[in-house]
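First the structure, in the form of structure tokens, and then the observations on it.
Every read-out reported here was derived from the displayed coordinates using simple, explicitly stated rules and does not represent laboratory data. Quantities reported herein were computed from a predicted structural model and do not represent experimental measurements. Note: ideal-geometry Cβ built from the backbone for every residue, glycine included; neighbour counts use all protein chains shown.
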Amino acid sequence: MSDETENKPAENADNTVENATENDGVQIGILGQYIKDLSFENPTPAQTLQKMSTEKPSMDINVNLNARAVGEDIYEVDLKITTTAKAGEDIAFVAELVYSGLFGAKNLPENTLQPFLMIEAPRQIFPFARRILADVTRDGGFPPLMLEPIDFAALYQQQMQAAQEQATASDDVVVN
């Protein structure tokens, strides 16, 4: 093998690095994820645990999302899940979790940034939030709360449609 042949792969590697910096592509990644807030309340365990052994509790589950820029091309996405379980009229437990992810999104086109932050980012951190809620309810003396997967794309579409309808309704208001 000649020296010329041996040097060609290194030259190609240098060219690849130069091309990557010249043609900055979209770079997306999760930089970290963490519990921002966690609360579990078990106000009357003796009564509710007895009731729950004979009747299935009613569940009220709310999911909220929030995203904000925290640096250049760095965004924090908060997934807030609040669950209230009732046994009859008594509150069995209230669990609230704010689970956050820190995402890097470099060179992402402006028209795709919001869908990424409100659909893909929460989809990536949801399984971890789900596990935390299952563990905390189990540790609180109840069966583990196993949340169904959430269709964040459908939630985003509903939010966009509601915002559009609200904007249309505002345009219809006549001021005298």
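Neighbours of Lys80, meaning other residues whose beta-carbon lies under 10 angstrom from its beta-carbon, give a summed charge of -2 when Lys and Arg score +1 and Asp and Glu score -1. Run the paramagnetic zone check for Gln159: 7 angstrom along Cα to Cβ, then residues of region 121-152 with backbone nitrogen under 13 Å. Of the residues in region 121-152, 121-123, 151-152 have backbone N under 13 Å from the label point off Gln159. About its Cα centre, region 34-159 has a charge dipole of approximately 220 debye under the convention of +1 per Lys or Arg Cβ and -1 per Asp or Glu Cβ, with nothing else charged. For a test of understanding, tell me how many lysine pairs in region 34-159 have Cα atoms under 27 Å apart, given they are 8 or more places apart or on different chains. Total qualifying Lys-Lys pairs in region 34-159 comes to 7.
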